[in-house]
Amino acid sequence: GAVVSQHPSWVICKSGTSVKIECRSLDFQATTMFWYRQFPKQSLMLMATSNEGSKATYEQGVEKDKFLINHASLTLSTLTVTSAHPEDSSFYICSAPHAGGPSTDTQYFGPGTRLTVL
Amino acid sequence: GDSVTQMEGPVTLSEEAFLTINCTYTATGYPSLFWYVQYPGEGLQLLLKATKADDKGSNKGFEATYRKETTSFHLEKGSVQVSDSAVYFCALSESGTASKLTFGTGTRLQVTL
């Protein structure tokens, strides 16, 4: 089936630095990808919708200047956490819908990236 | 706005026990409903889905029926296995392939021998 990968799987960084997380659709093209944030023992919260060839759409309350999203190609979206602080520590997950898959409503999720900001 | 409420866990069951995880939703339109499962160390995987009222989604022995009158989509399995231990998320999307998902908080299931 369709596979979505994320890199890195975990990252530890110092406060004030920037961190880039990649999300790739490995065997299908995705004009849209979604970025979620998952807090411990809580649900996934949608941060933004990444659109190939255009600007990302951010959910209310998400700082677009802090969480930079670039959908560079039909198989790659990146999330850059700029000037990271400890409160940005979280589990970040991306997903991509696969229009050509067995189900038109199916989204495929990456395994997630654990970010820890010291 | 849209929301999904599911029972809090963790749920601990013995192997072969019956499982129910409750899920109710609030939506403005006619959403599609999903159950996703997250095994330890892995990404979320679609378990089953239903796209309209009275539809029943099923997979791997799990079932859930889209109940519009009670706005519910409860997950059931008649006989759980240790390998079913995971976190289960109920979710909805308002429409279509590229629609964003609204998730419940997740329910951790632990099945013991």
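The values are calculated or read from the model by the stated rules, or taken from the named source; none is laboratory data. Everything quoted here is computed from the prediction, not taken from an experiment. Cβ: placed from backbone, ideal geometry, glycine included. Neighbour counts: every protein chain shown.
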- When you go through B:69, B:63, B:76, B:42 one by one, which is the residue that is facing another protein chain (nearest Cβ under 10 Å), surrounded by fewer than 21 Cβ atoms within 10 Å (Cβ to Cβ), among the charged types (D, E, K, R) and out of contact with any Phe, Trp or Tyr (no Cβ under 6 Å at 6 or more places or on another chain)? B:42
- Message: Considering only residues that are facing chain B (nearest Cβ under 9 Å) and at pLDDT below 90, which ones fall in the stretch A:88-100?
- Response: A:97, A:98, A:99
- Hey, could you check the stretch B:31-47 for residues that are free of Cβ contacts under 8 Å to residues at least 24 places away in the same chain and not small (Gly, Ala, Ser) and say which is farthest from residue B:83 (Cα to Cα)? B:46
- Wholly within the stretch A:8-112, which strands (runs of 3 or more DSSP E) include no fewer than the required count, namely at least 3 residues that are of a type outside the set (Ser, Thr, Tyr)? A:10-13, A:19-25, A:32-38, A:44-51, A:67-73, A:76-81, A:90-97
- Single residue of the stretch A:10-39 satisfying the filter (modelled with pLDDT of 95 or more and small (Gly, Ala, Ser)) that is nearest to residue A:98 (Cα to Cα): A:18
- Filter the stretch B:14-31 down to residues that are buried (at least 16 other Cβ atoms within 10 Å of the Cβ) and touching a helix residue (DSSP H, G or I) at 6+ places or on another chain (Cβ under 9 Å), then give me how many there are. 1
- Some residue of the stretch A:85-96 being surrounded by fewer than 21 Cβ atoms within 10 Å (Cβ to Cβ), over 18 Å from residue A:117 (Cβ atoms) and under 14 Å from the mean Cα position of the chain (by Cα): no
- Message: Within the stretch A:50-71, does at least one residue satisfy the condition of being under 29 Å from residue B:86 (Cα atoms), crowded, with 18+ Cβ neighbours inside 10 Å, within 12 Å of the chain's Cα centre (by Cα) and within 13 Å of chain B (Cβ to nearest Cβ)?
- Response: yes
- Note on the structure: Quick count over the stretch B:34-52, residues being in contact with a Ser or Thr (Cβ under 9 Å, 6 or more places away or on another chain) and outside any strand (DSSP E or B), is 6
- Message: Considering only residues that are more than 11 Å from chain A (Cβ to nearest Cβ) and at pLDDT below 95, which ones fall in the stretch B:95-113?
- Response: B:113
